[in-house]
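Encoded as structure tokens, the structure appears first; notes follow it.
The values are calculated or read from the model by the stated rules, or taken from the named source; none is laboratory data. Here the structure is a predicted model, which means the values were calculated and not measured. Neighbour counts run over all protein chains shown; Cβ positions are idealised from the backbone, glycine included. Ligands, DNA and RNA are excluded from the accessible area calculation, which covers all protein heavy atoms including side chains. Shrake-Rupley method; radii C 1.70, N 1.55, O 1.52, S 1.80 Å.
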Amino acid sequence: MTNPMSPWTEYLREYRETHGRPPAYLTETMGCQMNERDSETIAGLLCDMGCVPAASRAEAAILVINTCSVRENADNRFFGTLGQIKKIKEARPETVTAVCGCMMQQQHIVDRVKEKYPWVDIIFGTHNIHEFPELLRSAVLERAKAVLIRDDGGDIVEGLPFRREFPFKAYVNVMYGCDNCCTYCIVPYTRGRERSRRPAAIEREVRDLAADGVKEITLLGQNVNSYRGRDDDIRNDGGENDTLDFPGLIERVGAIDGIERIRFMTSHPKDLSQRLIDAYKSCDKLCGTIHLPVQSGSSRVLARMNRRYTKEDYLERIAGLRAVFPDIAITTDFIVGFPGETEADFEETMDLIERVRFDSAFTFLYSRRKGTPAASYADAVPEADKHRRFNRMVERLNAITAEKNRAYLGRTEIVLAEGPSKTDPSMLTGRTDSGKVVNFRAPAELAGRMLPVRVTGVRTFSLYGELLPECRNAPENIPLSRSLAGILSDFE
Ligand code: SF4
């Protein structure tokens, strides 16, 4: 007696009969790398349910919008997208639309979506991605609205499938949430308290990735350097259960064969320990760069932001990093126009920029987030002052970035070739160990390889180069090696 088909399998059979192929899905991701990694999980769950990737909205039977809530413009972009989706639904009412991510962890936004955007079928949050398949089944099979938000993360759900964008590099979540409660930030309310994954689960994932051909991993967390992983085999000198800190985790994943490069983000300056700084010396797979958001150069503003370090503390961390790794590339984030920021505060920030000379920086105008402490701060900075300061800061930062890039001229850098350049498909693009984008002419089939590239030109935000002549006719199956000499010997 044959097992009756499950209603979902029946739906897939009927869909295939009608459309000649399985239902296709499209995930659209807003925001940070952690959201991109969550979208890879959503894609993995959909593939496990028998769906296939769609190349465009027009092809998609299932459309998932993964939202970000870190700034106002992210909200505006989302509601603009919902307007566009309305037209898709009007043209193809059977399309299933789902929204998730940080915005959906805020009740006032969920209420607004339910009330004003009735063409949204499914709403879920950052803590219950693993429940999406059930919500999708009920939306498709029962044609019912499916809304489920969990207030806190609870236990971390391990082993969820995921579908990566790149075959040779991967994001690996190591922890979720944040306990820092910076006064301008919505993340602790949308991602919850800090929870670290078990080291053994992370090692298993990285081993599987290496076996699958991944060369570069980026360890992710909202506050990655406060990672504290628990496992039964982690004990202190007294034999008691203990936790593994972030440098310890780097050491563990660094020992996994096949992984050539380790990156991580995002760090908090207050948790940048000497042990983590020393990891740049002890772990040769750790890439020579760090993203260390400072936000402001004024200790007074940093205190109002509840960042829990001063300008001097930050400069001390930078000096510590450069003492161990003089050539380290340092990138950061700045917020301009935080409530109460004076001209003098801003000058402190400009002074910090001169003293650190960042390789690059993400710069933002302060954006009031409902539900954060700073949202009720009275002394808003006039828009004109905000923009004037912002423009001056960006101009100086870009000038320094260009100067830093000029220092690469004539150097040979090891680049992990990621694929065709977006600006010129006849060129490959990739990143140096220090995270610089390099575009260079090379055969497309070398994507995924670590290649020695001589830098022949610089732009503000990217480098140009040429593959070393002796590497142009690279036989296919040459194993990779890290050092330039090692790589060159592969082409002899
Ligand atoms: S460290 Fe601060 S800015 Fe970063 S996620 Fe946590 S609360 Fe937000």
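Each of H19 and D232 was given a label point 7 Å from its Cα along the Cα-to-Cβ line. The distance between the two points is 4.5 nm. At a probe radius of 1.4 angstrom, the accessible area of the stretch 291-407 per residue rounds to 43 square angstrom. Think of it as helices only: each DSSP H run of n ≥ 4 in the chain is worth -39500 (n - 2.57), and spread over all residues that comes to -11000 deg cm²/dmol at 222 nm.
For the charge dipole of the chain, defined by +1 on Lys and Arg C-beta atoms and -1 on Asp and Glu C-beta atoms about the Cα centroid, which residue among A303, V96, I85 has the Cα displaced farthest towards the positive pole? Of A303, V96, I85, it is I85. About the centre of its Cα atoms, the stretch 291-407 shows a dipole size close to 360 debye [charges on the beta carbon of Lys, Arg (+1) and Asp, Glu (-1) only; nearest 20 debye]. In straight-distance terms, cross-link reach from K370 covers every one of the aspartates and glutamates whose alpha-carbon lies under 17 Å from its own, apart from those fewer than eight places away in the same chain; here that gives E72, D75, D111, D379.
Listed by chain and number, the lysines whose alpha-carbon sits under 16 Å from that of K311, ignoring those within fewer than 8 places in the same chain, are K270.
Taking the 1.4 Å solvent-accessible surface of the stretch 166-287 as the whole, the part contributed by carbon and sulfur is 45%.
3J(HN,Hα) couplings calculated from phi for the stretch 362-371 with the Karplus curve 6.51 cos²θ - 1.76 cosθ + 1.60 (θ = phi - 60°) are, in sequence order, 8, 10, 9, 7, 3, 10, 5, 10, 4, x Hz; Gly and Pro show x. At full extension, S273 and R252 could sit 5.8 nm farther apart than now, given 0.36 nm per residue minus the alpha carbon distance.
Straightening the chain between E354 and K87 buys 91.2 nm, computed as 0.36 nm per residue apart minus the Cα-Cα spacing. Scanning residues 5 or more positions from L451 or on other chains, those with amide H under 5 Å from its amide H are V415, L416, A417, with H placed 1.01 Å from N in the peptide plane. Along the axis of the charge dipole computed for the chain (Cβ charges of +1 for Lys and Arg, -1 for Asp and Glu, origin at the Cα centre), the listed residues S56, V455, V172 are led at the positive end by S56. Charged side chains reduced to their Cβ positions (Lys and Arg at +1, Asp and Glu at -1) give the chain a dipole of some 1140 debye around its Cα centre. Looking at the stretch 211-315, the GluC sites (Glu not before Pro) that sit in a DSSP loop and have at most 15 other Cβ atoms within 10 Å of their own Cβ are E240. Would you work out if the stretch 22-106 is rounded, prolate or oblate? Take a ≥ b ≥ c from the square roots of the eigenvalues of the alpha-carbon gyration tensor; rounded if a/c is under 1.5, else prolate when a/b is larger than b/c, oblate otherwise. Judged from the Cα gyration tensor, the stretch 22-106 comes out oblate (a/c at least 1.5, b/c at or above a/b).
With only the Cα atoms considered, the stretch 291-407 has a convex hull volume of 94 Å³ per residue. Here H387 sits with roughly 80 square angstrom of accessible surface, probe radius 1.4 Å.
Averaged per residue, the stretch 162-289 has 40 square angstrom of accessible surface, using a 1.4 angstrom probe with ligands and nucleic acids left out. Cys residues of the chain that find no other Cys beta carbon under 4.7 Å: C32, C47, C51, C68, C100, C102, C178, C181, C283, C287, C471.
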